[in-house]
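Accompanying notes for the structure given below.
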Amino acid sequence: MKCPIIFPNESDRLAALTEYGLDDEQSIRSLDPVVHIASRMFDMPVSAVNMIGNDHVFFAASVGVGDVNMSRDVSFCAHAINQQHVMVVPDASKDERFHDNPLVTGPTNVRFYAGVPLFSPEGLALGALCVIDDKPHLDFTKDDEQRLIDLAKMASDRLELRRIEVSTERGRPNFDIYAGSSATPVIWFDKEGKILEWNKAAAESHGYSLEDKSHLTFDLLLPERERTDFRHLIEQAATEGSLDHISIPAEVSGLRKDGSEFRFGFALFGWRDGNSMKFEAVLKDLTLQQREEEELREQANRDVLTGLANRGRFYRCVEETLTRPAPAAVLMIDLDGFKDVNDTLGHTLGDGILQEVANRLLNLAEPYDVVARIGGDEFAVLLADVTDPQIAMQLANTMINHINTPMDVDGHVVRVAASCGVALSPSQGQEALELVGNADLALFKAKRSGRGRTFLFVPALRMEAMARRLYGLELHRALDEGEFLLFYQPQVNLTDGSLTGAEALLRWHHPERGLLVPAAFLPALEGGPLAATVGSWILDEACAQAAFWRRNGAPSFRIGVNLSGAQFRVGDLADQVIKTLERHGLPPEALELEVTENIVLDNDDVVLGILQRLHDYGLSIAFDDFGTGYASLSLLKTYPLTRIKIDQSFVRGMLTSTRDASVIRAILDMARSFDLETIAEGIETEEAHNYLSNELCDEGQGYLFGKPMPARQFELLFNIGASSTPRKKLRA
Ligand code: C2E
Ligand code: MG
Ligand code: MG
């Protein structure tokens with residue numbers, strides 16, 4: 001358990017708490033709207049104003065709080081009051097200060113916390129305004145922090161008002177000491193309404209100067225129509241000697257010196273002075289507060305950068321539409337490779353792009369549609385009254401195409417692609433969460449099938465998602481029990497048909513489902529925590545096999561190993577690869593690493609550095625599935641590659657489609673000009689083989705030369721391995 005944080009001025013701090021009437025630990029009603037706004041604004045289940053007492057904390061206001069441990073040494077807020085501005089804990093389970101905190105490990109299950117300290121005018125931290133979620137939020141932005149700080153100011157103002165009220169109730173100090181410099185307007189007056197004291201804030205809120213009090217009565221600060229009622233109230237109090245049984249309006253109209261009116265919140269106190277009564281009015285300018293609240297409410301619905309609806313607002317709109325009930329389509333749109341654009345072109349330009357995308361979406365939407373930015377580079381559109389999937393898809397495609405046309409941002413011409421997932425209600429979801437979730441699954445599918453795609457939700461996607469989750473649980477076992485294995489697919493020289501090496505391809509020997517190909521489980525593997533571990537195993541296993549074959553019949557054998565993005569993000573991949581080669585006694589040219597555009601785009605500089613080191617070390621680096629991505633060409637210039645693997649889709653089409661044939665020719669020309677070697681994937685026929693060898697493609701891979709197969713079968717087919725006889729050529 002962590003030690004409580006104690007401040008040097010702890011005793012002052014505790015004394016200050018009593019000035020707010022908080023010693024009886026009652027909640028403060030005026031703080032309720034603040035926590036409600038905070039909870040809605042950030043779409044989080046819990047928000048509270050926490051006061052930090054001697055050994056425990058208590059709520060001055062809260063929403064969504066269940067039964068919690070209130071001891072001070074587990075409180076997050078007790079930490080937050082130690083900060084000057086804001087404390088954000090994106091994922092408490094990963095935070096060394098809190099990961100073993102009972103609020104995190106126990107049933108309250110706290111994951112996200114953001115809190116801003118609330119200070120007394122003397123600068124003593126009394127407590128904190130916080131928002132809490134049982135889910136981590138890695139996307140709490142600087143804007144969000146600023147909004148929480150704004151809300152904390154609102155809470156501090158209300159606390160200050162409370163302090164004044166409390167001290168009024170407790171006796172009459174000297175006015176100047178007590179309220180002279182307070183920002184809250186305070187007026188003392190007698191039973192005739194004559195103003196005895198007021199502070200600058202009170203005078204100025206009515207357009208007067210301090211000195212004007214000598215010729216003013218309280219009546220004159222109210223519009224004429226309210227004066228009679230007010231007189232009655234004061235007379236009645238003066239007669240009864242108390243305000244206890246008199247109903248006092250919480251809000252009244254004020255009259256400024258220039259005749260204009262305004263509304264203010266009103267608290268009235270009275271005390272006996274000798275045998276007469278004196279009164280104190282504490283005012284709160286509501287126009288300001290109303291504007292503040294309206295602005296905050298508005299902000300709670302709006303994305304600051306683009307002015308679009310934000311995530312919370314979007315969900316609420318979908319909910320409202322579906323409960324009416326009315327048909328609707330939800331489009332989830334995600335920019336492709338935006339992180340890369342942002343990192344290379346800078347965040348200012350990135351912001352400009354997001355704003356332009358927002359404009360384009362708004363231009364295409366009808367006024368009653370809702371366009372929202374729901375995450376960094378994620379947008380969502382709610383199309384009201386669309387029932388026809390074809391129309392929804394057409395609109396989605398129009399939006400994607402429109403986003404994709406070049407845009408001028410700050411004098412830079414940039415082009416961004418986007419993917420889109422579509423789901424319709426009622427057929428594909430009758431509740432907001434389900435509908436948006438289904439559109440999200442469709443988006444996931446669109447992104448997986450390449451860039452710039454749109455995809456309409458089909459129920460099978462749910463099954464796939466379930467399979468992903470299911471496999472997610474089983475992958476640990478697969479790794480522990482050795483259920484993964486590698487198949488090898490031959491790669492041959494297209495000129496003389498000789499075997500040059502093989503690509504190692506992962507398979508999962510599933511105890512119930514049989515042999516699974518990567519398409520069935522790779523998404524689950526790569527989306528989970530085991531990707532890098534399995535990646536290391538593949539590398540080691542493939543190198544061991546290559547070393548064995550090089551020693552037994554295929555001395556110049558080269559093994560191709562596919563990498564996944566996760567391998568670049570943990571540890572030092574370059575180091576690991578070099579050590580693996582050394583362990584198996586392999587020279588660098590025996591290994592070819594295959595990377596895809598997604599890996600390169602998702603990890604940018606990190607990947608570049610690692611690949612550069614490996615390239616310098618002498619390793620081959622092949623660009624897999626070349627031609628399917630949209631940035632392939634520009635990447636050729638940046639990345640240290642040695643080979644292009646022409647994607648099988650072009651090979652399949654090249655004999656019938658002139659477009660595919662010309663893509664193949666262009667890729668081969670380009671490879672030559674960049675001095676890169678080439679290998680074509682998916683060669684299934686002799687015609688394809690001949691065609692590519694005439695086009696001077698160096699190597700080939702495909703069912704014609706052999707499907708991916710277990711090592712033993714590979715050995716028999718190519719006459720290598722322990723029982724090999726001197727190798728003959730595969731094809732002349
Ligand atoms: P890839 O790297 O492009 O692998 C080539 C895929 O094309 C293999 O599919 C292979 O079986 C298939 N293929 C090869 N020749 C032909 C042909 O003539 N006709 C047709 N129709 N298909 C052919 P596979 O084994 O299902 O692998 C799919 C993808 O999964 C791979 O595409 C690769 O991206 C990924 N993958 C496979 N093994 C690994 C691995 O060990 N690690 C990682 N990170 N990814 C892997
Ligand atoms: Mg590959
Ligand atoms: Mg490939």
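The values are calculated or read from the model by the stated rules, or taken from the named source; none is laboratory data. Fair warning: this is a prediction, and the values are worked out from it, not measured in the lab. Please note: Cβ atoms are built from the backbone with ideal geometry, for glycine as well, and neighbour counts cover all protein chains shown. Surface areas here come from the heavy atoms of the whole protein model, side chains and all, with no ligands, DNA or RNA. Shrake-Rupley method; radii C 1.70, N 1.55, O 1.52, S 1.80 Å.
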Original post:
Under unit Cβ charges (Lys, Arg +1; Asp, Glu -1), what dipole magnitude, rounded to 20 debye, does the range 249-350 have relative to its Cα centre?
Top reply: 440
**OP:** Beyond 20 Å, what share of the Cα-Cα pairs of the range 100-159 is found? Please give it as a whole percent.
**Re:** 37
Original post:
Among the listed pairs Lys142/Lys637; Lys142/Lys257; Lys94/Lys153; Lys153/Lys194; Lys153/Lys339; Lys94/Lys645, which are separated by more than 32 Å between their Cα atoms?
Top reply: Lys142/Lys637; Lys142/Lys257; Lys153/Lys194; Lys153/Lys339; Lys94/Lys645
Original post:
All other residues with a Cβ under 13 Å from the Cβ of Glu592 taken together, and with Lys, Arg as +1 and Asp, Glu as -1, what is their net charge?
Top reply: -4
Subject >> the range 326-376: C-alpha gyration tensor shape, a/c 1.5 cut-off, then a/b vs b/c >> reply: prolate
**OP:** May I ask you to list, by number, the DSSP H helices of the chain whose Cα span along the axis is at least 20 Å and whose average Kyte-Doolittle hydropathy reaches 0.0 or more?
**Re:** 347-364, 389-404, 432-448, 531-551, 658-673
Subject >> Rounded percent of accessible protein surface that carbon and sulfur make up, the chain, 1.4 Å probe >> reply: 51
Subject >> the range 250-335 - Rg over Rh from alpha carbon coordinates, Kirkwood radius >> reply: 1.31
Subject >> 20 Å-binned pair-distance histogram of the chain (Cα, whole percent) >> reply: 14, 34, 29, 15, 7, 1, 0
Original post:
Dipole magnitude of the range 457-594 about its Cα centre, charges +1 at Lys/Arg Cβ and -1 at Asp/Glu Cβ only, in debye to the nearest 20?
Top reply: 200
Original post:
Could you give the accessible area per residue of the range 375-533, probe 1.4 Å, as a whole number in Å²?
Top reply: 46
Original post:
What accessible surface, in Å², does a 1.4 Å probe find on Lys278, ignoring ligands, DNA and RNA and rounding to the nearest 10?
Top reply: 50
Original post:
Which value, in Å², gives the accessible area per residue of the range 130-232 when a 1.4 Å probe is used on the protein heavy atoms?
Top reply: 49
Subject >> Charge-dipole axis of the range 448-596 as Lys and Arg at +1 and Asp and Glu at -1 on Cβ define it, positive-most pick from Asn493, Leu530, Ala590 >> reply: Leu530
**OP:** Note down the accessible area of Leu655, probe 1.4 Å, to the nearest 10 Å².
**Re:** 90
Original post:
Does the range 34-87 classify as rounded, prolate or oblate by the C-alpha gyration tensor (a ≥ b ≥ c root eigenvalues; a/c under 1.5 gives rounded; else a/b over b/c gives prolate, otherwise oblate)?
Top reply: oblate
Original post:
Distances over 22 Å make up what percent of all Cα-Cα pairs in the range 124-231?
Top reply: 51
Original post:
What size of dipole, in debye to the nearest 20, comes out for the chain about its Cα centre when the only charges are +1 on Lys and Arg C-beta atoms and -1 on Asp and Glu C-beta atoms?
Top reply: 1760
Subject >> Under Karplus coefficients 6.51, -1.76 and 1.60, residue-wise ³J(HN,Hα) of the range 641-656 in Hz, glycine/proline x >> reply: 10, 10, 8, 10, 9, 6, 5, 5, 5, 6, 5, 5, x, 5, 7, 10
**OP:** Identify, among Gly127, Phe42, Thr108, the residue whose Cα sits farthest towards the positive end of the charge dipole of the range 28-127, taking +1 on the Cβ of Lys and Arg and -1 on the Cβ of Asp and Glu, with the dipole about the Cα centre.
**Re:** Phe42
**OP:** Report the one residue of Thr239, Gly259, Met277 whose Cα lies farthest in the direction of the positive end of the charge dipole of the range 223-280 (charges on C-beta: Lys and Arg +1, Asp and Glu -1; origin at the Cα centre).
**Re:** Gly259
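Quantify how much of the Cα-Cα distance distribution of the range 216-279 extends past 17 Å, in percent.
The proportion of pairs with Cα distances above 17 Å equals 43 percent.
Run lengths n ≥ 4 of DSSP H only: what is the helix-derived mean residue ellipticity at 222 nm for the chain, with -39500 (n - 2.57) per run over all residues, to the nearest 500?
-13000 deg cm²/dmol
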Original post:
How large is the accessible surface per residue of the range 304-345, computed with a 1.4 Å probe and reported in Å² as a whole number?
Top reply: 41
Original post:
Under 20 Å Cα-Cα from Lys579, which aspartates and glutamates qualify once same-chain neighbours fewer than 8 residues away are excluded?
Top reply: Asp540, Glu541, Glu589, Glu592, Glu594, Asp616
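May I ask you to work out the translational diffusion coefficient for the range 412-475 at 20 °C, viscosity 1.002 mPa s, via Stokes-Einstein with Rh from the Kirkwood sum over Cα pairs, reported in whole µm²/s?
The Stokes-Einstein estimate is 169 µm²/s.
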